[in-house]
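Chemist: Below is one structure. I have some questions about it.
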Amino acid sequence: MQKELLSFETIVGLEIKDEGLYTEYRNAMKGLLEQYEGGFRYDFKIAETLKSESEHPINRVFLIYFKTKERKLSFFADPEYKKIREKYFLPSVESTTQIAEYERYVT
């Protein structure tokens with residue numbers, strides 16, 4: 001039986017330093033994310049981290065997905081996304097930790 005790619009997924013941890021500005025970032029990038037067949041499956045605010053291999057604190061964890069890895073790369077390379085990132089993401093996030101990245105298949 002042949003497997004069919006369902007999505008390309010990444011789990012990310014962030015240290016958010018400005019929650020309001022980060023919310024503006026999410027709102028500003030949502031439409032563009034959907035154009036690239038992307039979205040969020042899970043999104044958590046973390047009150048306490050019990051174990052972490054990252055040197056950076058993490059207070060937000062989410063799973064972002066795209067139809068393919070190529071769609072993900074195209075999204076993050078898009079000039080419109082880069083403007084949104086510069087305006088909202090960079091001043092609102094102290095650090096980023098990529099926890100996992102994988103392809104999800106359906107059989």
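Chemist: Given DSSP loops and a limit of at most 14 other Cβ atoms within 10 Å, what is the longest stretch of the chain that contains no such GluC sites (Glu not before Pro)? Write out the running numbers ahead of the final one.
Modeler: Values: sites that count: E48, E53, E55.
Counting at most 14 other Cβ atoms within 10 Å as exposed, the longest clean stretch of the chain is 56-107.
Chemist: How would you rank L6, L90, going from fewest to most other Cβ atoms within 10 Å of each one's own Cβ?
Modeler: On the way: L6 13, L90 10.
By the 10 Å Cβ count, ascending, the order reads L90, L6.
Chemist: Another question, then. Ratio of the range 33-107's C-alpha Rg to 2.2 N^0.38 Å, to two decimals?
Modeler: Working: Rg = 14.1 Å, N = 75, 2.2 N^0.38 = 11.3 Å.
Rg over 2.2 N^0.38 Å, computed on Cα atoms: 1.24.
Chemist: So, one more: Below 8 Å, C-alpha to C-alpha, sequence gap of six or more: please give me the relative contact order for the range 4-106 in percent.
Modeler: Values: 184 pairs, mean separation 54.8, N = 103.
Relative contact order of the range 4-106: 53 percent.
Chemist: Please report how many Lys pairs in the range 17-107 have alpha carbons closer than 21 angstrom, counting only residues at least 8 apart along the chain or sitting on separate chains.
Modeler: Lysine pairs meeting both conditions in the range 17-107 amount to 18.
Chemist: Identify which of I16, I64, I46 has the largest mean-square fluctuation in a Gaussian network model of the chain, with springs joining Cα atoms closer than 10 Å.
Modeler: Judging by the Gaussian network model, the answer is I46.
Chemist: Where in the chain lies the longest segment free of trypsin sites (Lys or Arg not before Pro) that are both loop residues by DSSP (not H, G, I, E, B) and have at most 11 other Cβ atoms within 10 Å? Before the final figure, lay out each step's value.
Modeler: Details: sites that count: K3, K51.
Counting at most 11 other Cβ atoms within 10 Å as exposed, the longest clean stretch of the chain is 52-107.
Bear in mind these aren't lab numbers, they're just calculated from the coordinates by the rules spelled out. None of these values were measured; they are calculated from a predicted model. Because the Cβ atoms are built from the backbone with ideal geometry, glycine has one as well, and the counts that use them run over all protein chains shown.
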